[in-house]
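Worksheet for the structure shown next.
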Amino acid sequence: MLLQVSHLSKRFAQIHALSDVSFQVRPGEVLGLIGPNGAGKTTLLECMAGLLPFDSGELHTAGRPPSALLFYLPDAITPWAAQPLRWVLDYTIGFFGGRAELRDEIISQFDLRSLLRQPIGTLSKGQRKRALLAIGLLTPQPALLIDEPFDGLDLRQMRDVGAALRTHAAAGRTLFLSIHQISDAARICDRFVLLSNGRMCGEGTVSELAARAGSISHNLEEVFLALT
């Protein structure tokens with residue numbers, strides 16, 4: 001176990017954004033966080049990353065501070081917007097003590113070489129998403145929390161990015177991905193955390209979740225609907 005989330009709860013005034021959420025993150029896995037809009041997915045990631053204080057519960061990290069274990073990559077941000085992508089990638093490596101040996105590989109995997117001279121703020125939505133994923137993968141923390149990794153990507157880019165993420169997981173990087181589209185999650189993730197209205201509805205592989213739902217189908221969409 002890399003990380004244990006135990007009984008995490010978060011309220012905004014009278015709204016229960018998260019209620020008693022518990023699950024494990026295992027080393028080297030691609031774990032999918034699945035739920036509809038408003039389920040609490042982003043709130044959960046922000047609580048785990050230390051951006052939001054949670055009201056109750058614990059993060060068990062085997063004595064390591066969460067900042068040494070987790071790097072959070074939000075959706076729809078434009079960091080260092082006026083700087084060219086080449087500068088941003090090099091700055092990420094220098095500032096965070098990142099993985100310089102992976103720089104060229106990641107540039108190739110995410111098809112960024114032709115964009116290196118362009119300011120981040122001038123990139124299209126899909127280009128910026130690929131750039132953000134490259135930034136995240138260059139950081140040194142063993143676990144990467146990513147909010148909507150496929151937003152803005154077309155089908156071919158989605159498949160290429162998914163394959164790249166699987167390659168990094170196979171090399172030991174742990175990925176916790178918040179994904180709105182269940183079909184996308186089914187293609188890339190090893191296990192799943194199901195969230196609805198801030199509550200846990202299940203954790204496990206598709207087979208384990210199907211058994212919990214009493215379903216003969218191993219279609220993740222059908223299993224999610226059965227459990228929520």
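Bear in mind these aren't lab numbers, they're just calculated from the coordinates by the rules spelled out. Note that the structure is a prediction, hence the values are computed from the model and not measured. Cβ: placed from backbone, ideal geometry, glycine included. Neighbour counts: every protein chain shown.
About its Cα centre, segment 110-170 has a charge dipole of approximately 220 debye under the convention of +1 per Lys or Arg Cβ and -1 per Asp or Glu Cβ, with nothing else charged.
Straight-line reach only, C-alpha to C-alpha below 19 angstrom: list the aspartates and glutamates that residue 41 could link to, leaving out same-chain residues fewer than 8 apart. The qualifying aspartates and glutamates are 20, 29, 55, 58, 75, 147, 148, 151, 184, 190, 203, 221. Arranged from fewest to most other beta-carbon atoms within 10 Å of their beta carbon, 147, 111, 154 become 154, 111, 147. Distances between placed amide hydrogens fall under 5 Å for residue 192 paired with 32, 204, 205, all partners being 5 or more residues away or on another chain.
Projecting label points 7 angstrom from Cα along Cα→Cβ for residue 100 and residue 205 puts them 4.1 nm apart. Toward the positive end of the charge dipole of segment 3-227, with +1 on the Cβ of Lys and Arg and -1 on the Cβ of Asp and Glu, the farthest Cα among 219, 100, 204 is that of 100. Hydrodynamic radius of segment 158-228 by the Kirkwood approach over all distinct alpha-carbon pairs: 12.9 Å. Residues in segment 132-146 carry Karplus couplings, in order, of 5, 4, 4, 4, x, 6, 7, 6, x, 5, x, 10, 10, 9, 10 Hz; the curve used is 6.51 cos²θ - 1.76 cosθ + 1.60 with θ = phi - 60°, and Gly or Pro positions show x. Ratio of Rg to Rh for the chain: 0.97 [Cα atoms; Kirkwood radius as inverse mean 1/r over pairs]. Residues 110, 176, ranked from the fewest to the most other C-beta atoms within 10 Å, line up as 110, 176. Computed from point charges on the beta carbon alone (+1 for Lys and Arg, -1 for Asp and Glu), the dipole magnitude for the chain about its Cα centre is near 420 Debye. Just need log10 I(q)/I(0) for segment 78-138 at q = 0.16, 0.19, 0.30 Å⁻¹, Debye formula, equal scatterers on the alpha-carbon atoms, no solvent, rounded to two decimals. Debye output, listed in q order: -0.40, -0.57, -1.46.
Note on 72, 91: ascending count of other Cβ atoms within 10 Å places them as 91, 72, the fewest first. For the chain, the longest principal axis of the Cα atoms and the long axis of helix 85-96 meet at an angle of about 60 degrees. Proximity of backbone amide H atoms, modeled 1.01 Å from N, is registered between residue 17 and 10, 11, 12 at under 5 Å, excluding neighbours fewer than 5 places apart on the same chain. Measuring between their Cα centroids, segment 64-88 and segment 105-127 lie 15 Å from each other. For residue 73, the amide hydrogen comes within under 5 Å of the amide hydrogens of 145, 146, 147, counting only partners 5 or more places away or on other chains and with H modelled in the peptide plane. Taking the charge dipole of the chain about its Cα centre, with +1 at Lys and Arg Cβ atoms and -1 at Asp and Glu Cβ atoms, the residue from 136, 174, 82 reaching farthest to the positive side is 82.
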